[in-house]
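Engineer: Okay, here's the structure, questions in a sec.
The values are calculated or read from the model by the stated rules, or taken from the named source; none is laboratory data. Only a predicted model underlies this, so the values are computations on that prediction, with no experimental measurement involved. Backbone-built Cβ (ideal geometry, glycine too); neighbour counts: all protein chains shown.
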Amino acid sequence: MSQKVCIEQVEVRGAIPYIGMCEDSFGEMVPVWSMNPVVVMDWLCDAWRCRYNQIRSRRMKWNRDGSELIPIGGAVDLRSDKQVREECSWLSSVPSMILQSPNRIENTDWWSANKRRRTLKKKHRYPGSMPRFKKRDTDPMFVCWYNRGANAVFRKFNRHHGEIVIFGQNSRANNLPGRRGCRFEIHIRVRLSEDIQPYTSVGVHPRSGYVVFVNDPLPVTRSRTGRETGIDRGCVHNLALSDGTFIDLPKHKLERIDKEIRRRQKAQARRISRSGLDAKTYVREHRQSNRYQAEQDRIRGLYRKAHAIINDFQQKTTTNLVKDYDLIVLENLSLKNMGRKARKIEDPLHPGRYLHNGQAAKRGLNRALRSASLGGVRQKLEYKTRRAYASSLLFVDPRNTSRMCSVCGHTCKENRESQAVFHCKKCGFQLNADTNAAVNILRRGHEQLLAGPGGSGRDITVSDETTKNFGSSATVSRKPTASTH
């Protein structure tokens, strides 16, 4: 896993890094040195991406008729790191721990992507396209190995501040004339929220403004509490617990960011319409414009800010849930199916036309589902419960959890009067619909534990840790009621 910290300042010290050759006003190629932190960081990002794509070019894919394997990029680059330094002058001064990192990272990315595609094919889902080259438009970044202190050394100043030092040196031929030393240091000052644990590498994202320390996550320190909860995930209430507690995203912040994003996107759309060009032509002609790039960077920054708010909320919430509850029960939701478009309904009286299918409302629901990021809660709970003492996570069948009465068990569509109101038509029991669903989820978790790992429905899964911690059925109530939660 990893620890993410914010970049506060970047400073280059020592020798002036050599970043390559450039054409001057007379058309001659001249060497370029720079102490500008922005230029140096962009140079390292471009060098890392270039080396990554050179290694990626060695990969093969089947041609269209499936008769032979061909390189995914046409030309194959088999040069070693040493040969690349000698033939590409702008890569000669890149620190070795940065130039070596794409070898392993590209290999890991390739095989993990292929394994994911095979898994999706087995599930009869769209596997997506083959892994490709890293594009210039993506978030620029580079990775530097720690290698037992050989590079990317972290130094802590105080409780909330520290710096990462990356070492490099120019070759004698490329060192600036008149300068004695050839070694340079890049000091990346960062802001901390917790102590940095032992790490293997750092991933630097200069434009996004953060650094990632790659390390193993610490186990969540906790003791047995004897408490259990069922959780219903949704859009109105992000998390509804079976004890009646609601845990919601900071929607006022996200709505304010979303409003600003839409305002800027509408301004861009007006600019395109006034130009008289189609969208693709306008983007192709204006993508190098400083104004267009600045607007795109602002929009990307707003998206990053919204994602950071959601991630921070989920990290803190899931950690507190793991600390407070010995057993957490979730629905085994198929989020991909929930986010699909509505099916088209052809008009039998007018061929080529379609009837109203509620796609406009479904579009708004899909937008809310993406904003709620329900899959992120599950992913974080999975790895945190595995590393926490006496904490377990259970997944149960989600069918009819929101339509079934948690008191009498009567199930019908009419029980759910609205999004928030549950009113049983048989016994008259009333409760918030999300809380009622959470109680049903917890009940199904209890039934699965009593029946054993293989004694219930196909959609119910029990982890080994859950079976070990809750193997005895004597401590589990068979019929929990709404009044006990």
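Engineer: Determine the pairs where a residue that is under 16 Å from N337 (Cβ atoms), located within region 362-378, has a partner that is of a type in the set (K, R) with Cβ atoms under 7 Å apart, the partner being 6 or more residues away or on another chain.
Structural biologist: Partner pairs satisfying both residue conditions: K362/K341; L374/R233.
Engineer: Give region 219-247 a look and list any residue that's acidic (D, E) and either free of Cβ contacts under 8 Å to residues at least 12 places away in the same chain or in a strand (DSSP E or B) (or both), or say none.
Structural biologist: If the condition is that a residue be acidic (D, E) and either free of Cβ contacts under 8 Å to residues at least 12 places away in the same chain or in a strand (DSSP E or B) (or both), then E228, D232 are the ones that fit.
Engineer: To continue, here is another question. With the structure loaded, tell me whether G203 is in contact with a Pro (Cβ under 8 Å, 6 or more places away or on another chain), assigned by TED's automatic domain parsing to the domain that holds I98 and of a type outside the set (S, T, N, Q) or whether it fails that test.
Structural biologist: no
Engineer: Same structure, new question: Could you check region 188-212 and list, in sequence order, the residues that are among the polar types (S, T, N, Q) and under 16 Å from the mean Cα position of the chain (by Cα)?
Structural biologist: Passing the criteria: only S208.
Engineer: Can you list the strands (runs of 3 or more DSSP E) found entirely within region 14-118 that contain at least 3 residues being of a type outside the set (D, E) and closer than 24 Å to R136 by Cα?
Structural biologist: Of the strands (runs of 3 or more DSSP E) lying wholly inside region 14-118, those with at least 3 residues that are of a type outside the set (D, E) and closer than 24 Å to R136 by Cα span 18-23, 29-33.
Engineer: In region 398-415, what count of residues is obtained for those that are charged (D, E, K, R) and buried (at least 17 other Cβ atoms within 10 Å of the Cβ)?
Structural biologist: Summing the residues that are charged (D, E, K, R) and buried (at least 17 other Cβ atoms within 10 Å of the Cβ) in region 398-415 gives 1.
Engineer: Given the condition among the aliphatic types (A, V, I, L, M), outside any strand (DSSP E or B), out of contact with any helix residue (DSSP H, G or I) (no Cβ under 8 Å at 6 or more places or on another chain) and loosely packed, with under 13 Cβ neighbours inside 10 Å, answer yes or no: does some residue in region 277-284 qualify?
Structural biologist: Within region 277-284 (the criterion being among the aliphatic types (A, V, I, L, M), outside any strand (DSSP E or B), out of contact with any helix residue (DSSP H, G or I) (no Cβ under 8 Å at 6 or more places or on another chain) and loosely packed, with under 13 Cβ neighbours inside 10 Å), the answer is no, since none of the residues qualifies.
Engineer: Additional query: Considering only residues that are assigned to a helix (DSSP H, G or I), touching a helix residue (DSSP H, G or I) at 6+ places or on another chain (Cβ under 6 Å) and closer than 23 Å to N432 by Cβ, which ones fall in region 375-414?
Structural biologist: V377, L381
Engineer: Out of region 179-190, which residues are over 12 Å from I164 (Cβ atoms), in contact (Cβ under 8 Å) with a residue 60 or more places away in the chain and basic (K, R)?
Structural biologist: Of everything in region 179-190, those that are over 12 Å from I164 (Cβ atoms), in contact (Cβ under 8 Å) with a residue 60 or more places away in the chain and basic (K, R) turn out to be R179, R183.
Engineer: Yes or no: region 288-295 includes at least one residue that is surrounded by 14 or more Cβ atoms within 10 Å (Cβ to Cβ), modelled with pLDDT under 85 and over 30 Å from T245 (Cβ atoms).
Structural biologist: yes
Engineer: Could you list, in sequence order, the residues of region 151-170 that are touching a Phe, Trp or Tyr at 6+ places or on another chain (Cβ under 8 Å) and either of a type in the set (S, T, N, Q) or more than 21 Å from I7 (Cβ to Cβ) (or both)?
Structural biologist: N151, Q169, N170
Engineer: Let me ask something else about it. Restrict the check to region 39-49 and report whether at least one residue is over 25 Å from the mean Cα position of the chain (by Cα), assigned by TED's automatic domain parsing to the domain that holds S171 and without any contact (Cβ under 8 Å) to a residue 12 or more places away in the chain.
Structural biologist: no
Engineer: Is it fair to say R104 is out of contact with any Phe, Trp or Tyr (no Cβ under 6 Å at 6 or more places or on another chain) and within 29 Å of E194 (Cα to Cα)?
Structural biologist: The answer is yes for R104.
Engineer: Looking only at residues in region 355-369 that are surrounded by fewer than 14 Cβ atoms within 10 Å (Cβ to Cβ) and within 18 Å of the chain's Cα centre (by Cα), which one is nearest to D232 (Cα to Cα)?
Structural biologist: Restricting to residues being surrounded by fewer than 14 Cβ atoms within 10 Å (Cβ to Cβ) and within 18 Å of the chain's Cα centre (by Cα), the top hit is A368.
Engineer: Just give me the residues in region 326-354 being over 27 Å from the mean Cα position of the chain (by Cα) and outside any loop (DSSP other than H, G, I, E, B), in sequence order.
Structural biologist: E346, Y354
Engineer: May I pose another question? Test of understanding: among V32, V39, which residue is out of contact with any Pro (no Cβ under 8 Å at 6 or more places or on another chain) and under 21 Å from K135 (Cα atoms)?
Structural biologist: V39
Engineer: Going through S92, S34, S101, S96 one at a time, which residue ends up being touching a Ser or Thr at 6+ places or on another chain (Cβ under 6 Å), modelled with pLDDT of 90 or more and surrounded by 13 or more Cβ atoms within 10 Å (Cβ to Cβ)?
Structural biologist: Going through S92, S34, S101, S96 in turn, just one is touching a Ser or Thr at 6+ places or on another chain (Cβ under 6 Å), modelled with pLDDT of 90 or more and surrounded by 13 or more Cβ atoms within 10 Å (Cβ to Cβ): S92.
Engineer: Also, I was wondering about something else. Pairs please, first residue from region 335-352 and in contact (Cβ under 8 Å) with a residue 40 or more places away in the chain, second anywhere and of a type outside the set (D, E, K, R), Cβ atoms under 9 Å, 6+ apart in sequence or on different chains.
Structural biologist: Going by the 9 Å Cβ cut-off, the qualifying pairs are L335/L369; L335/L374; L335/G375.
Engineer: Mind telling me which of the residues L394, L381 ends up being within 19 Å of C235 (Cβ to Cβ), under 24 Å from the mean Cα position of the chain (by Cα) and in the same structural domain as G452 (by TED's automatic domain parsing)?
Structural biologist: Going through L394, L381 in turn, the sole match is L381.
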